[in-house]
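Peer 1: Got a structure for you, written out below as structure tokens; questions coming shortly.
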Amino acid sequence: GAGVSQSPSNKVTEKGKDVELRCDPISGHTALYWYRQRLGQGLEFLIYFQGNSAPDKSGLPSDRFSAERTGESVSTLTIQRTQQEDSAVYLCASSLERGPTDTQYFGPGTRLTVL
Amino acid sequence: GQSLEQPSEVTAVEGAIVQINCTYQTSGFYGLSWYQQHDGGAPTFLSYNALDGLEETGRFSSFLSRSDSYGYLLLQELQMKDSASYFCAVYNFNKFYFGSGTKLNVKP
């Protein structure tokens, strides 16, 4: 694959349900980021993975949010007991390495709607 | 903490030049990045400035003044396809912090 892919592209769920969002980064990219973007807003950092290092979870808004990544491959973002305020587009990005000069490549996002 | 400020919206006509400003406050600073996002699309990287001065890439240029904690994105010869949101971002402590974005409306 040439770019970052995310699935599903859209997810509608009921309040209180758990959801799992998936991100496939560009092959060989060691860094992976998750962001949340509410309608008309900027990107809000959630979590960052770098290789096999412990992830930086400092942006996760509550303990209902968690994420995993296996090595340098797929990552999943899980939101438990979803709330209406979780409705947003969840974007994943990968970069070759960690660092300010390294370009982030974004996936198309998952639009989550919590009813 | 980190904060970035950008105008929320800018309107310009096709063929014109527009400047989108970004001021930032951060406890550490490595550089300023710019991303473009079309409605419903993913952000795409435009430019990165680590040092003071102007970086030019085709119709787009980006400027940084570290002493003023200020940067801007300059778009020349505006085209309708430039209608999008533009985000500035700073890198600090292993993560990027994004501004809230500037929506650019290009009119014919």
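Peer 1: Starting from the Cα of A:K57, draw a straight line to each of the aspartates and glutamates and keep only those under 20 Å, dropping any in the same chain fewer than 8 residues away.
Peer 2: Once the sequence-local aspartates and glutamates are set aside, what remains near A:K57 is A:D18, A:E20, A:D24, A:E44, A:E68, A:E72, A:E85, A:D86, A:E97.
Peer 1: Which aspartates and glutamates have a Cα less than 17 Å from the Cα of B:K81, not counting those fewer than 8 places away in the same chain?
Peer 2: Result set, ordered by chain and number: B:E9, B:E14, B:D39.
Peer 1: A follow-up question, please. Let me check I've understood the local charge: for B:G41, count other residues with C-beta under 15 angstrom from its C-beta, Lys and Arg +1, Asp and Glu -1. What total comes out? Present the calculation step by step, with values, prior to reporting the outcome.
Peer 2: Numbers: positive: A:R111, B:K81, B:K103; negative: B:D39, B:D82.
Charge balance in the 15 Å sphere: +1.
Peer 1: Averaged across B:26-37, how many Cβ atoms of other chains sit within 10 Å of each residue's Cβ atom?
Peer 2: Numbers: counts 0, 0, 0, 1, 3, 3, 1, 4, 0, 5, 0, 5.
If you average over the peptide's residues, the count of other-chain Cβ atoms is 2.
Peer 1: When the accessible area of each residue in the stretch A:22-48 is compared between its chain alone and the complete protein assembly (1.4 Å probe; ligands, DNA and RNA ignored), which residues differ by at least 50 Å², being lower in the assembly?
Peer 2: Residues shielded by partner chains are A:L43.
Peer 1: Do any GluC sites (Glu not before Pro) in the stretch B:43-77 lie in a loop, going by DSSP, with at most 13 other beta-carbon atoms within 10 Å of their beta carbon, and if so which? Walk me through the numbers on the way to the answer.
Peer 2: Numbers: sites: B:E55, B:E56, B:E77; in loops: B:E77.
Taking the stretch B:43-77 and a limit of 13 other Cβ atoms within 10 Å, the loop GluC sites (Glu not before Pro) found are B:E77.
Peer 1: Could you give the radius of gyration (one decimal) and Dmax (whole number) of the Cα atoms in chain B, in Å?
Peer 2: Cα-based Rg and Dmax for chain B come out at 13.2, 42 Å.
Peer 1: Let me ask something else. With r defined as the distance between the Cβ atoms of B:M80 and B:S8 and R0 fixed at 25 Å, what FRET efficiency is calculated, to the nearest 0.05? Walk me through the numbers before you get to the answer.
Peer 2: Numbers: r = 21 Å, r/R0 = 0.82.
Once the sixth-power term is evaluated, E becomes 0.75.
Peer 1: Between A:S9 and A:S66, 0.36 nm times their residue separation minus their Cα-Cα distance comes to what? Write out the running numbers ahead of the final one.
Peer 2: Values: separation 57, 0.36 × 57 = 20.52 nm, distance 1.93 nm.
Separation in residues times 0.36 nm, less the Cα-Cα distance, equals 18.6 nm.
Peer 1: Take every residue in peptide B:44-54, count the Cβ atoms of other chains within 10 Å of its Cβ, and give the average of those counts.
Peer 2: Working: counts 4, 7, 1, 0, 4, 0, 2, 0, 0, 0, 0.
Across B:44-54, the average partner-chain Cβ count within 10 Å equals 2.
Peer 1: What's the whole-number percent of alpha carbon pairs in the protein assembly as shown lying beyond 27 angstrom?
Peer 2: On the way: 8239 of 24753 pairs.
Percent of Cα pairs beyond 27 Å in the protein assembly as shown: 33.
Peer 1: Something else about it: Between A:Q41 and B:S67, with labels modelled 7 Å along Cα→Cβ, what's the label distance in nm to one decimal, could you check?
Peer 2: Result for the modelled spin labels: 3.7 nm.
Peer 1: Work from the charge dipole of chain B (Cβ charges, +1 for Lys and Arg, -1 for Asp and Glu, about the Cα centre) and give the residue of B:G41, B:S85, B:G101 farthest towards its positive end.
Peer 2: About the Cα centre, the residue reaching furthest to the positive side is B:G41.
Peer 1: Also, quick follow-up: Residues of the stretch B:1-42 with backbone nitrogen within less than 18 Å of a virtual label 7 Å along the Cα-to-Cβ line of B:E56, please, listed as ranges.
Peer 2: Inside the label zone: B:16-20.
Peer 1: Counting only other chains, what is the mean number of Cβ atoms within 10 angstrom of the Cβ of each residue in peptide B:87-97?
Peer 2: Working: counts 3, 1, 5, 1, 6, 1, 3, 11, 10, 9, 5.
The per-residue average across the peptide is 5.
Peer 1: Work out the length of the dipole vector of chain B about its Cα centre, built from +1 on the beta-carbon of each Lys and Arg and -1 on the beta-carbon of each Asp and Glu, and round it to the nearest 20 debye.
Peer 2: For chain B, the charge dipole is close to 200 debye.
Peer 1: In debye, nearest 20, what is the charge dipole magnitude of chain A about its Cα centre with +1 on Lys and Arg Cβ and -1 on Asp and Glu Cβ, if you could check?
Peer 2: Details: 12 positive and 13 negative charges, 63 e Å.
I would put it at about 300 debye.
Peer 1: Another question, if that's okay. If you place +1 on the Cβ of every Lys and Arg and -1 on the Cβ of every Asp and Glu, how big does the dipole about the Cα centre of the protein assembly as shown come out, in debye to the nearest 20?
Peer 2: Numbers: 18 positive and 23 negative charges, 108 e Å.
Dipole size: approximately 520 debye.
The values are calculated or read from the model by the stated rules, or taken from the named source; none is laboratory data. On a predicted model such as this, the values are computed, not experimentally measured, just so you know. All Cβ positions, even for glycine, are placed from backbone atoms using ideal geometry, and neighbour counts span all protein chains on display. For accessibility, only protein heavy atoms count, side chains too; no ligands or nucleic acids. Shrake-Rupley method; radii C 1.70, N 1.55, O 1.52, S 1.80 Å.
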